[in-house]
Amino acid sequence: MKLLYLLVALFLSIGAGAQQHTPLPHGTVYGKKPSITSMMPATKLEAYMGNRTRISTTIEGKVIKVTKTKGGWFELDAGNGKIINAHFKDYAVTIPTDLKGRTVIIEGVAQKQFIADDGQHFAGDTVAGKKQHNVNANPKQSLTFEVSGLMVDK
């Protein structure tokens with residue numbers, strides 16, 4: 001009888017071990033496969049954009065953290081302590097939390113954050129020429145990226 005319990009425990013432990021997440025292999029694609037013909041590092045994206053507010057491009061960068069798996073929300077390292085907030089265009093895409101720390105290639109639309117309160121007044125302000133509203137814009141998170149396709153690189 002003890003042998004039977006031992007065998008059952010052995011089979012259950014093998015089954016539980018098989019359910020653990022395996023590392024993501026190189027080339028795993030989420031969404032559509034990104035084109036790598038005009039790829040650039042994520043650290044150079046803001047300088048490449050210059051005065052443009054939106055561009056379509058492909059970048060390569062390291063995932064800092066996955067904020068929400070459904071819809072593919074994650075943060076990408078943009079260098080110099082800056083962060084690119086990224087999410088999938090298609091909300092049906094689900095990404096694993098195992099992407100944290102991995103280098104990925106993403107294709108989509110990069111956009112600079114727009115702050116409407118830069119030197120503008122609000123209708124109804126009583127004191128002309130003086131700002132009465134504070135905008136808490138984080139300079140480290142000035143770029144957003146709407147991803148159409150992601151591929152695990154490293």
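The values are calculated or read from the model by the stated rules, or taken from the named source; none is laboratory data. This structure is a prediction, so every number in the text was calculated from the model and none was measured. We place every Cβ from the backbone using ideal geometry, glycine too, and count neighbours over all the protein chains shown.
From the list Thr69, Thr94, which one is modelled with pLDDT of 90 or more, touching a helix residue (DSSP H, G or I) at 6+ places or on another chain (Cβ under 8 Å) and not small (Gly, Ala, Ser)?
Values: Thr94 fails: touching a helix residue (DSSP H, G or I) at 6+ places or on another chain (Cβ under 8 Å).
Just one listed residue meets the conditions, Thr69.
Among the residues that make up segment 37-57, is at least one of them over 12 Å from Leu143 (Cα atoms), touching a helix residue (DSSP H, G or I) at 6+ places or on another chain (Cβ under 8 Å) and not small (Gly, Ala, Ser)?
Yes, there is a match, as at least one residue in segment 37-57 is over 12 Å from Leu143 (Cα atoms), touching a helix residue (DSSP H, G or I) at 6+ places or on another chain (Cβ under 8 Å) and not small (Gly, Ala, Ser).
Name the residue, out of Ser38, Ser56, that is in contact with a strand residue (DSSP E or B) (Cβ under 9 Å, 6 or more places away or on another chain) and modelled with pLDDT under 90.
Numbers: Ser56 fails: modelled with pLDDT under 90.
Exactly one of Ser38, Ser56 is in contact with a strand residue (DSSP E or B) (Cβ under 9 Å, 6 or more places away or on another chain) and modelled with pLDDT under 90, namely Ser38.
Residue-wise test of (1) touching a Leu at 6+ places or on another chain (Cβ under 7 Å); (2) at pLDDT below 90.
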| position | (1), (2) |
| --- | --- |
| Gly81 | no, yes |
| His87 | no, no |
| Gly101 | no, no |
| Ile106 | yes, no |
| Ala116 | no, yes |
| Ala123 | no, yes |
| Val127 | no, yes |
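Filter segment 11-35 down to the residues that are of a type in the set (A, V, I, L, M) and either surrounded by 10 or more Cβ atoms within 10 Å (Cβ to Cβ) or not in a helix (DSSP H, G or I) (or both), then identify the one that is modelled with the lowest pLDDT.
Once the filter is applied, the top-ranked residue is Leu12.
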